[in-house]
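Nothing in this text is a laboratory measurement; each read-out follows from the coordinates by a stated rule. Note that the structure is predicted; figures quoted are calculated from it, not measured. All Cβ positions, glycine included, derive from the backbone under ideal geometry; neighbour counts span all protein chains shown.
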Amino acid sequence: MKKLFGVIGDPIAHSMSPAMHNDLFDLYGIDAVYLPFHVSKGNLEKAVKGLKALGVSGFNVTIPHKTDIISLLDKVDPLARAIGAVNTVKNENGLLVGYNTDGPGFVKGLEYMAADLGSRSALIIGAGGASRGIYFSMAQAGIERIDLYNRTPEKAEELVNSCPFKVESNVIGREAAEKSLAEYQLIIQTTSIGMVPDTESLPLSPENITRNTIVSDIIYNPLQTKFLKEAARMGAAVQNGVGMFVFQGALAFEIWTGIFPDVNRMEMNVLRNLGG
Ligand code: NAP
C-alpha cells in the first residue's frame, strides 16, 4: 500500500517540502506520497490523532506547532526534547516519535561547506526558535565557543542557561558584537531581519566582518539578504538558508527511509521553487 507522509502547519500552501520529498520518493522508487496539511493551532491534537489513525508513516511539523506537538507524541528524541521543538515525526510500529532535524541540518550544511566546527568560535545573532536548535546542535557537535547577540538579551541568557551541552558562551550587546566581528570564524544570522518584504534591514553593522569568516544567514527569501551581500563584499565566504532547509529535509528523509538522499538534487528542486 502507498505510504503516506506530509507536513502540518499554518500557513502551509507555500511549503517547498512536498515537491522536495515527492521528487525523492520518485528517485528512489519508494511507493509513497507527501502532502501538505493545513492545521490551525486549535486543531493540532485532532490532526495528530487523525494522522495516527490513518497509519501515517511520517510527517514534518512547521510553524506554529513545533513546540505544542511534543506533548502529543508517544516518544521524543533527547535532542528535540532539549531544544523544545520537533519538526519531524516517524511512525515507529504504531508509536509517533519526534525528532528535531533543523539544528542538526544546519550543522550538516555547514560541514558540507568544509567547515570543521572543532576549535572554532561562532557568533549567533538572534535567540528565537531556529537559533535555539542551531546553538544546541553546534554545542553538541563540540564547537569551542558560541557567543550570542539578541535584541532581547534575557532570551539569549535563557537559551544559554538551558543548553545541556558544554560550550563556552557569552551573551553580548549590539555594540560589542559589532566591534568583535573579526574575532569569529563563524557568524550565523538567525533573526527574521532582512526577510521579504523588509529586505533593506540589517541586524547589526557588518563593517568589521573579515575575509577569514564564514557568514551564514538562515533566511532563504531573498536568496541573499542585505547582510549576506555585505559580508560577501568584505570577502567572507557566505551561505544562505537553502542549505539548512535542504539538510533538515535530508535528515528527515533518512529518519523515515534509512536513505541519506541526493542533497544537490534537493537544492536544485528548492531553487526552482524559489525562482532562483
Ligand atoms: P522566532 O522564534 O520568532 O525568533 C525571531 C528572532 O528574530 C528573535 O531573536 C527576535 O529577537 C529577532 N527579531 C525579530 N524581529 C526583530 C527586529 N525587528 N529587531 C531585532 N530582532 C528581531 O523565529 P524563528 O523561527 O527563529 O525564525 C527566524 C528566521 O529564521 C525566519 O526568518 C525564518 O524564516 C528563518 N528560518 C529558516 C530556516 C531554514 O531552514 N533555512 C528554518 C527555520 C527558520 P527578540 O528575541 O528580541 O524578539
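The alpha carbon centroids of the stretch 139-181 and the stretch 245-276 are separated by 29 Å. So if R0 is 25 Å, what FRET efficiency would Glu200 and Thr152 give, r being the distance between their Cβ atoms, rounded to the nearest 0.05? Rounded to the nearest 0.05, the efficiency is 0.65. From most to least packed by mean Cβ count within 10 Å, the peptides 219-227, 191-199 give 219-227, 191-199.
With angles folded into 0 to 90 degrees, how steeply does helix 102-112 sit against the dominant principal axis of the chain? Use alpha carbons for both and round to 10. In the chain, helix 102-112 runs at an angle near 60 degrees to the longest axis.
Where q = 0.20, 0.27, 0.30 Å⁻¹, what log10 of I(q)/I(0) comes from the Debye formula for the stretch 109-169, counting one point per Cα? Computed log10 I(q)/I(0) values: -0.70, -1.20, -1.39. For chymotrypsin sites (Phe, Trp or Tyr not before Pro), the sites in the stretch 12-55 that DSSP calls loop and that have at most 15 other Cβ atoms within 10 Å are Tyr28. Couplings for the stretch 30-44, taken from phi via the Karplus curve 6.51 cos²θ - 1.76 cosθ + 1.60 with θ = phi - 60°, read 9, 7, 8, 9, 10, 10, x, 10, 7, 10, 7, 3, x, 9, 4 Hz in order; Gly and Pro are left as x. Under the shape rule built on the C-alpha gyration tensor, where the axes satisfy a ≥ b ≥ c, the stretch 103-240 is rounded, since a/c falls short of 1.5. Applied to the stretch 51-61, the Karplus parametrisation 6.51 cos²θ - 1.76 cosθ + 1.60 on θ = phi - 60° returns per-residue 3J(HN,Hα) values of 4, 5, 4, 6, x, 3, 7, x, 7, 8, 10 Hz, with x for Gly and Pro. The distance from the alpha carbon centre of the stretch 71-94 to that of the stretch 107-132 is 23 Å, rounded to a whole number. Label point of Ala176 set 7 angstrom out along Cα-Cβ; within the stretch 119-141, amide nitrogens under 17 Å from it belong to 121-127. Within the stretch 146-172, find all residues whose amide N lies under 18 Å from a label point positioned 7 Å from the Cα of Thr67 along Cα-to-beta-carbon. Inside the label zone: 150-164. Kindly flag which residue pairs out of Lys46/Lys166; Lys66/Lys226; Lys3/Lys46; Lys41/Lys90; Lys155/Lys226 have an alpha-carbon separation exceeding 31 Å in this structure. As for pairs spanning more than 31 Å Cα to Cα, those are Lys46/Lys166. A cut-off of 5 Å between modelled amide H atoms, ignoring neighbours fewer than 5 places along the same chain, links Val76 with Gly98. Kirkwood Rh over Cα pairs of the stretch 1-150 into Stokes-Einstein at 20 °C, 1.002 mPa s: D in µm²/s? After rounding, the answer is 130 µm²/s. Taken over the chain, the percentage of Cα pairs per 10 Å bin, counting from 0 up to the bin with the maximum distance, is 7, 29, 35, 22, 7, 1.
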